[in-house]
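Just so you know, all these numbers are worked out from the coordinates, no wet-lab data involved. Being a predicted model, the structure only gives us computed values, none of them experimental. Heads up, the Cβs are rebuilt from the backbone with ideal geometry, glycines too, and the neighbour counts pull from every protein chain shown.
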């Protein structure tokens with residue numbers, strides 16, 4: 001959706017833009033009105049948006065059941081697969097330090113895997129681009145810890161490496177295990193030491209949230225059919241819910257301010273070695289309408305991710321979305337970093353476009 005189209009999409013009869021507050025100029029008011037509309041239409045329970053070009057704002061509800069509580073800008077969301085960007089960053093930092101060879105076979109670091117005794121050729125980079133040949137089956141999604149990791153190490157690819165993009169959460173579980181091997185730390189501790197601490201991301205955690213009044217409630221549809229009903233602050237992802245420690249496939253918790261610190265640093269390239277940023281922004285896979293850097297989606301010619309092609313993002317931009325409703329993007333050419341954290345209700349197919357619309361609408365510079 002282009003900018004003129006998104007403004008028209010607000011609708012002639014939509015109310016409330018005149019009362020959005022003096023901190024917002026007209027374009028920012030339009031963004032907030034768009035978020036309010038998406039909540040009113042039942043696409044999301046609550047939304048918090050922030051970017052380098054617009055003020056942070058919140059619309060909707062933190063809780064979904066009566067009596068509902070209004071959402072605040074400090075709301076803590078389950079990031080779902082947006083958390084994969086944190087795993088990718090930890091790997092990129094280890095790469096920048098010379099501790100991880102991203103073009104080495106991943107089994108050099110995970111000798112327990114069944115492929116370690118075979119000439120498979122699947123690299124660490126292949127895992128990060130979802131092009132190694134593994135599919136998204138999850139035989140490891142079992143409550144017994146021993147059986148979980150036995151199944152992870154026994155999982156085999158279903159096609160040759162490099163043949164196609166095939167999104168597979170297990171790829172990032174393997175990357176998380178590699179981070180553990182190289183640091184001797186669990187992912188939460190490693191992230192605090194290497195990434196979140198330096199960026200002052202004080203409200204981000206890979207662990208379940210207990211008793212925090214900012215934790216967001218998610219609709220049952222986000223985990224329907226997979227395990228018991230979650231309490232507020234539990235992992236939506238069933239594998240993360242079952243796992244004895246943080247898993248690299250995502251499902252960490254954060255707020256919009258912390259995620260803006262993360263994305264703004266990617267834009268400005270100030271905190272870490274340049275090799276870290278170069279890896280995350282360099283295209284590493286481009287085939288079949290999918291273009292990926294290390295851990296991120298990128299725009300592609302004839303992209304199968306059509307929502308990218310309907311935005312104003314440049315060919316240099318990186319983006320990631322998550323099952324529960326979030327989306328983040330960084331576009332160096334447009335000097336933009338943006339964060340949409342949301343609790344989806346209507347399902348991913350209906351909410352993916354609106355998330356990208358919100359990111360695109362915040363890119364007003």
Quick shape check on the stretch 252-365: root eigenvalues a ≥ b ≥ c of the Cα gyration tensor, a/c under 1.5 is rounded, otherwise prolate if a/b tops b/c, else oblate, and it reads oblate
Label model pair residue 269, residue 333: point-to-point distance (7 angstrom along the Cα→beta-carbon line) in nm is 1.6 nm
The simple spin-label model distance between residue 97 and residue 312, using points 7 Å out along Cα→Cβ, in nm, is 4.0 nm
Label model pair residue 163, residue 212: point-to-point distance (7 angstrom along the Cα→beta-carbon line) in nm is 4.2 nm
Quick note, the stretch 128-281: a/c under 1.5 would make it rounded; otherwise a/b > b/c is prolate and the rest oblate (a ≥ b ≥ c, C-alpha gyration tensor); here it is oblate
Fewest-first ordering of 135, 237 by Cβ atoms within 10 Å yields 135, 237
With Cα springs under 10 Å, the Gaussian network model of the chain assigns the largest mean-square fluctuation among 106, 149, 313 to 149
Among 224, 314, 89, the residue with the largest mean-square fluctuation in a Gaussian network model of the chain built from Cα contacts under 10 Å is 224
Ranked from fewest to most other Cβ atoms within 10 Å of their own Cβ, 65, 36, 269, 291 fall in the order 65, 269, 36, 291
Ordered by fewest other Cβ atoms within 10 Å, a rough proxy for footprinting exposure, 299, 54, 324 read 299, 54, 324
CD proxy, 222 nm, the chain: helix-only mean residue ellipticity via -39,500 (n - 2.57) per DSSP H run with n ≥ 4, per residue, nearest 500, stands at -9000 deg cm²/dmol
In degrees, nearest 10, the alpha-carbon axis of helix 145-154 is tilted away from the dominant principal axis of the alpha carbons of the chain by 70 degrees
If the chain between residue 41 and residue 65 were fully extended at 0.36 nm per residue, the gain over the current Cα-Cα distance would be 7.0 nm
Quick note, the stretch 234-291: a/c under 1.5 would make it rounded; otherwise a/b > b/c is prolate and the rest oblate (a ≥ b ≥ c, C-alpha gyration tensor); here it is oblate
Note to self: C-alpha centroids of the stretch 202-248 and the stretch 45-111 sit apart, in Å, by 13 Å
On the formula 1/(1 + (r/R0)^6), with r taken between the Cβ atoms of residue 286 and residue 146 and R0 of 35 Å, the FRET efficiency rounded to 0.05 is 0.35
